[in-house]
There are 12 protein chains.
Amino acid sequence: MSDHIYKKIELVGSSTEGVEKAVENAVEKASKSVRNMRWLEVNEIRGHIEDGKVAHWQVGVKIGFTLDE
Amino acid sequence: MSDHIYKKIELVGSSTEGVEKAVENAVEKASKSVRNMRWLEVNEIRGHIEDGKVAHWQVGVKIGFTLDE
Amino acid sequence: MSDHIYKKIELVGSSTEGVEKAVENAVEKASKSVRNMRWLEVNEIRGHIEDGKVAHWQVGVKIGFTLDE
Amino acid sequence: MSDHIYKKIELVGSSTEGVEKAVENAVEKASKSVRNMRWLEVNEIRGHIEDGKVAHWQVGVKIGFTLDE
Amino acid sequence: MSDHIYKKIELVGSSTEGVEKAVENAVEKASKSVRNMRWLEVNEIRGHIEDGKVAHWQVGVKIGFTLDE
Amino acid sequence: MSDHIYKKIELVGSSTEGVEKAVENAVEKASKSVRNMRWLEVNEIRGHIEDGKVAHWQVGVKIGFTLDE
Amino acid sequence: MSDHIYKKIELVGSSTEGVEKAVENAVEKASKSVRNMRWLEVNEIRGHIEDGKVAHWQVGVKIGFTLDE
Amino acid sequence: MSDHIYKKIELVGSSTEGVEKAVENAVEKASKSVRNMRWLEVNEIRGHIEDGKVAHWQVGVKIGFTLDE
Amino acid sequence: MSDHIYKKIELVGSSTEGVEKAVENAVEKASKSVRNMRWLEVNEIRGHIEDGKVAHWQVGVKIGFTLDE
Amino acid sequence: MSDHIYKKIELVGSSTEGVEKAVENAVEKASKSVRNMRWLEVNEIRGHIEDGKVAHWQVGVKIGFTLDE
Amino acid sequence: MSDHIYKKIELVGSSTEGVEKAVENAVEKASKSVRNMRWLEVNEIRGHIEDGKVAHWQVGVKIGFTLDE
Amino acid sequence: MSDHIYKKIELVGSSTEGVEKAVENAVEKASKSVRNMRWLEVNEIRGHIEDGKVAHWQVGVKIGFTLDE
């Protein structure tokens, strides 16, 4: 286990519901092309405002996955 | 569209419910005096603890709005 | 009140539900051995991914409490 | 001179031409309502891409001005 | 108390005497137009040098105040 | 629009002319394999020096593009 | 001397007098339970404002002490 | 040479031996799919602990390679 | 597994041999009073110089361990 | 080539024309006393404002040069 | 005035009295070999602890001076 | 001892062997012109890649030395 190599990719997920849902949307999208995802790191929380309200959340996330399988 | 000028203001919203609600409270408050808000950036998440529990969330947020209309 | 001394400890809470719950779990755990907790600062939001989904959230949090009572 | 007080405001200027022009647009806009501007600090350089080209530059800038006159 | 909204403004105070006095000068100046100031955060300590000596201190400070009263 | 997912890639463009041209070279190169680019973020400005002069500029840039089309 | 191990703890000291006194209050408090303190690192300077004046200073400080005696 | 474009990817290498070996493992893995690698930047050093000992090192590394050949 | 709580402590290990050995010395020292250590994060690499040579390495490290057993 | 030692110095160049010219002015000045300059890193972009306009740009730059020839 | 070039050097001053005096000691020392010093930037505040008290303050400071006279 | 003044210089050492050796090469080089070096701080770890392997390590290091003897 000590010699695994991981790659990180950086996504921005968005959602009208909240921070966690925006991240989950990004992970779900990534799951269609990346296997063996292991962890995520949130690095930015932003939001889009329309008509004086938060219209949707945009959350930057790095996703780490195993390269060696 | 390429020559818009935006101003950012920095608020701290709070809520007993959670991070998103604290931000929404800040945006709602700002909407009473600022028009044309476009986006927000969360820059700090804190909380107040009372009796060993999170009593309310305090979330720092920068809000960007258009200056040119 | 102006001469209080506070200590900060650093925890990582986790939860399958979301960011706030992970923090609350950390605060609840700390409440068993630390009294007079006053505030928290979130300094890291991560998550564990299993089978292409966010399995649980891991949130780093600094907790400040009064030393002087 | 040693007892001046300055205030900083944060703007985002944009321009199709480049970084300096985006900053100058922000300063020009600010000059309509703020007097006694003294200095600026660039804190972010972004750009909007359309059709595979940089359509305009967006530059975050803090502007300091004297409060005491 | 959990639903307060705060605004932060950013000032630079200066003083020939020292860091604390520069901050106090900024706070005093702000008190003429802002009510309900609650806290400050020092984010930069600089100084102006003349004739090989520190002529005055320049201290960047963010000031938070309540918006809701 | 609120459920878009974006990916960010990190490039370093270079140019003998200046910062903007180095970024534009990176964006042009990326446009050959990436569609739907939306924005860029400059995160590093460096330069190569030869014979006591700036020979070319090297600018680090993150480029965000839509994943969902 | 090269194989010493140090531990760092994080405190916040406060004082009505100024930054140095707030740190000294934190160090004095720590001296009641920690021996062999060696150095400190200031990582945050804040203040509490009451009635438009700085009421007291709050200074975050990390304190390093030897574990091996 | 002044118009090269580089891409950076982010990996995490691991090794039971040490920091350099963890990086070399990441570079070796990358060499199987990426050509023209030019430089690396270490951005994180972590380790996994088992039974009170460092079981393996995990080192985050950005790798830059030429896009234009 | 999703509801574990971890605590982080911050140590500085030193060694005449190198960075990894300084970390291992810190972990070994911690193992005498802390059980269930899981991971470490290096946050600072310094060294002491004597007679124009590196006499020993000093490495700051955060160590995370499980609180819940 | 692998055993070169470099020194970095930190300058601030200024120019009425723009960011690149301010850097080039700093490099040109340095070239009068430093040989074997290899690269530069921009670490700060500021500007001086007079009469509501950017009067000149001030750009902080680190310059690396070879020590071993 | 717009084409001045400045150099920055980095010192650490110390003093038993406090932060400002430590900086002033550094500036006074620099004044013996550097002319035309213009400004300073504090970048680190540390202290040495002896017998449970702050024995002296150590303050990191960057000093900028004009190169062109 | 409390009134020492230190100067910091910034070097980049390189080595085919590893991080520590790159630092030691920088310190050895500095020792030819600087006396009374006291400590070092690593601020950057990079590497040069050739033929898919780490060809040499490049480590940025700040070195502090006493000015007052």
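Which residue is it, in chain D, whose C-beta lies closest to the D-to-E rotation axis, and what is that distance in whole Å?
With distances in whole Å, chain D gives D:Glu10, 5.
Modelled label-to-label distance, I:Thr66 and L:Asp51, 7 Å Cα→beta-carbon offset: nm?
4.7
Search the structure for amide H atoms under 5 Å from the amide H of C:Gly18, placed 1.01 Å from N in the peptide plane, and list their residues when 5 or more places away or on another chain.
Here the answer is C:Trp57, since their amide H atoms fall under 5 Å of that of C:Gly18.
How big is D for the range J:30-69, in µm² s⁻¹ as a whole number, if Stokes-Einstein is applied with the Kirkwood radius of its Cα pairs at 37 °C and 0.692 mPa s?
Working: Rh = 12.2 Å.
Answer from the Stokes-Einstein relation: 269 µm²/s.
If amide H atoms are built 1.01 Å from N in the plane of the peptide, which residues on other chains or at least 5 residues away come under 5 Å of the amide H of E:Glu44?
Close amide H contacts, sequence-distant or interchain: E:Gly60.
Per residue of the range L:50-58, what does 6.51 cos²θ - 1.76 cosθ + 1.60 with θ = phi - 60° give for ³J(HN,Hα)? Whole Hz please, x for Gly and Pro, Karplus curve as stated.
Taking θ as phi minus 60°, the curve returns 10, 6, x, 9, 6, 7, 7, 9, 10 Hz for the range L:50-58.
Tell me which trypsin sites (Lys or Arg not before Pro) from chain E have a DSSP coil assignment and no more than 15 other beta carbons within 10 Å of their own. If you can, show how the numbers build up before the last one.
Numbers: sites: E:Lys7, E:Lys8, E:Lys21, E:Lys29, E:Lys32, E:Arg35, E:Arg38, E:Arg46, E:Lys53, E:Lys62; in loops: E:Lys32, E:Arg35.
Passing sites in chain E are E:Lys32, E:Arg35.
List the relative contact order of the range F:6-66 as a percent without decimals, with contacts defined as Cα pairs under 8 Å and 6+ residues apart.
Computed value for the range F:6-66: 48 percent relative contact order.
Which whole-percent values make up P(r) of chain K when all C-alpha to C-alpha distances are grouped in 10 Å steps starting at zero?
Once binned at 10 Å, the Cα pair distances of chain K give 22, 44, 23, 9, 2, 0.
To the nearest 20 debye, what charge dipole does the protein assembly as shown have about its Cα centre, counting +1 at the Cβ of each Lys and Arg and -1 at the Cβ of each Asp and Glu? Walk me through the numbers before you get to the answer.
Details: 120 positive and 144 negative charges, 0 e Å.
Roughly 0 debye, rounded to the nearest 20.
Given the convex hull over the Cα atoms of the protein assembly as shown, what projected area results after averaging over all orientations, in nm²?
Working: hull surface 128.7 nm².
Seen from a random direction, the Cα hull of the protein assembly as shown projects 32.2 nm² on average.
Since every read-out is calculated from the coordinates, none of them should be taken as a lab result. Everything numeric in this text was worked out from a predicted model, so none of it was measured. As a convention, Cβ positions derive from the backbone with ideal geometry for all residues, glycine included, and neighbour counts pool all protein chains shown.
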